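Here the structure comes first, spelled out in structure tokens, and everything after it is commentary.
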Amino acid sequence: MTAKNKNSCSNDIAIIGMSGRFPGADTIHEFWQNLVEGRETISRFTNQELQEAGIQPSEYKNPKYVKAKGIVPNTDKFDANFFGYPPKEAEKMDPQFRIMHECCWEALEQGGYVPNASSESVGLYLGANENHEWLQRVVARTTNSTEFYDAFVLNQRDYIATRISYNLNLQGPSFTLLSACSTSLVAVHLACEGIRNGSCSLALAGGVSLTYPAKSGYLYQEGFMVSSDGHCRSFDAQADGTVFGDGAGVVLLKPLHQALQDNDIVYAVIKGSAVNNDGNGKAGFTAPSVEGQTQVIQAAQKKAGVTPESIGYVETHGTGTLLGDPVEFNALNQVFNTSVRNSCFLGSLKTNVGHLNIA
């Protein structure tokens with residue numbers, strides 16, 4: 001690599017490993033194949049399935065109850081011995097913790113690093129959903145204060161990052177963070193910043209969201225954010241809301257120049273990112289603003305050193321809601337309002353898997 005080329009990518013971050021669990025897909029490869037085939041993998045449930053899951057007939061027999069959700073397969077499977085957990089301890093552990101153990105290991109392995117054996121400083125930046133239903137189940141089985149304490153430590157989401165760092169011997173920064181639906185992207189942003197400022201040489205970043213009961217639906221109310229039929233139609237004239245689902249995803253990050261020097265497989269390059277908040281400059285707390293979104297997109301492009309004309313595709317938030325989509329579209333339209341290029345494609349994975357919340 002020439003000095004000029006090395007300097008041009010000195011701040012670029014490479015993604016050298018990926019792992020995930022998605023509705024209808026246990027791996028990244030299965031997930032990609034579903035996208036290639038244009039498959040929607042949001043599940044539909046029968047009354048019997050909902051009843052067996054603990055949903056009351058008064059709920060699922062309501063004409064406005066939508067029996068749909070994106071669910072992750074095999075959340076009850078975990079190789080406790082592989083990760084050094086006694087079976088009884090693993091049974092108590094939040095499935096979100098279990099899945100994240102697997103995803104972090106897989107991403108490291110994919111990048112050519114062996115947990116517990118690498119000398120690299122690996123940072124961990126993760127977010128997880130609240131899992132009240134699971135915690136209530138576990139606590140109900142406790143008989144003394146010691147069991148209650150163990151259950152708390154194995155299920156309190158504040159500990160998900162530090163627990164995994166402990167188990168995999170990751171010695172870089174270890175953060176559990178939360179910013180609602182943007183959590184996973186903020187985790188990636190902070191992980192990139194951590195690498196750039198020297199806090200770690202590698203970083204794992206991502207999020208997980210599993211809600212219980214797994215098989216469940218929701219009550220549709222006109223004008224709210226959930227859809228009337230369990231389909232998410234991002235930027236579509238027929239869109240009337242989103243549908244929620246479960247999922248998990250982790251990426252392994254490394255400076256691009258180092259990844260190229262080490263002959264790593266580079267799946268993608270992060271050239272720049274930005275975060276902001278539009279304060280009270282919007283109609284209400286849950287109402288996004290065009291100005292705030294416009295500013296953060298422009299800031300990310302400036303940090304990345306790219307122009308709107310050079311971008312041909314944007315993976316959007318695209319919830320399919322009557323409020324969010326027009327705001328996002330208008331913000332993008334302002335940023336990409338250029339005479340040099342006539343079009344930029346928009347897409348949203350939510351049309352395939354639903355809104356995966358923290359993930």
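Structure notes:
- Amide H to amide H distances under 5 Å link Phe244 with His355, where only residues 5 or more positions off or on other chains count and H is placed in the peptide plane.
- Residues of the range 158-197 falling in the label zone of Val139, defined by backbone nitrogen less than 15 Å from a point 7 Å along Cα to beta-carbon, are 158.
- Debye-sum result for the chain in log10 I(q)/I(0), which assumes one identical scatterer on each alpha carbon, at q = 0.07, 0.11, 0.15 Å⁻¹: -0.33, -0.82, -1.45
- Among Ser234, Leu252, Gly223 the positive-end extreme of the charge dipole of the range 212-262 (Cβ point charges): Leu252
- Net charge in the neighbourhood of Gln33 (other residues with Cβ under 12 Å of its Cβ; Lys, Arg +1, Asp, Glu -1) is -2.
- At R0 = 41 Å, FRET efficiency that the Cβ-Cβ distance of Val340 and Asp262 yields, to 0.05: 0.65
- Springs between Cα atoms under 10 Å define the GNM used for the chain, and in it the highest mean-square fluctuation of Ile164, Ile311, Ile15 occurs at Ile311.
- Between Ala287 and Cys181, the modelled label-to-label distance comes to 1.6 nm, taking each label 7 Å out from Cα in the direction of the beta carbon.
- The residues packed around Ser19, meaning those with a beta-carbon under 14 Å from its beta-carbon, carry a net charge of -3 if Lys and Arg are +1 and Asp and Glu are -1.
- Positive minus negative residues near Ser234 (Lys, Arg vs Asp, Glu; Cβ under 14 Å): -4
- Label positions at Val306 and Glu222, each projected 7 Å from the Cα along the C-beta direction, are separated by 4.2 nm.
- Normalising the average separation of contacting C-alpha pairs (under 8 angstrom, six or more residues apart) by the number of residues puts the relative contact order of the chain at 25 percent.
- For the chain, the solvent-accessible area works out to 51 Å² per residue, with a probe of 1.4 Å and every protein chain left in place.
- Rounded percent of accessible protein surface that carbon and sulfur make up, the range 51-128, 1.4 Å probe: 48
- For Lys61 and Asn197, the FRET efficiency from 1/(1 + (r/R0)^6), where r spans their Cβ atoms and R0 equals 41 Å, is about 0.15.
- Subtracting the Cα-Cα distance of Thr162 and Glu49 from 0.36 nm times their residue separation leaves 37.1 nm of extension gain.
- Computed about the Cα centre, the dipole magnitude for the chain is approximately 420 debye when only Lys and Arg (+1) and Asp and Glu (-1) carry charge, each at its Cβ.
- For Phe148 and Gln238, the FRET efficiency from 1/(1 + (r/R0)^6), where r spans their Cβ atoms and R0 equals 41 Å, is about 0.25.
The values are calculated or read from the model by the stated rules, or taken from the named source; none is laboratory data. From a predicted model like this one, the values you see are computed outputs, not experimental measurements. No Cβ is skipped: glycine too gets one built from the backbone with ideal geometry, and neighbour counts run over all protein chains shown. SASA here: full protein model, heavy atoms, side chains in, ligands and nucleic acids out. Shrake-Rupley method; radii C 1.70, N 1.55, O 1.52, S 1.80 Å.
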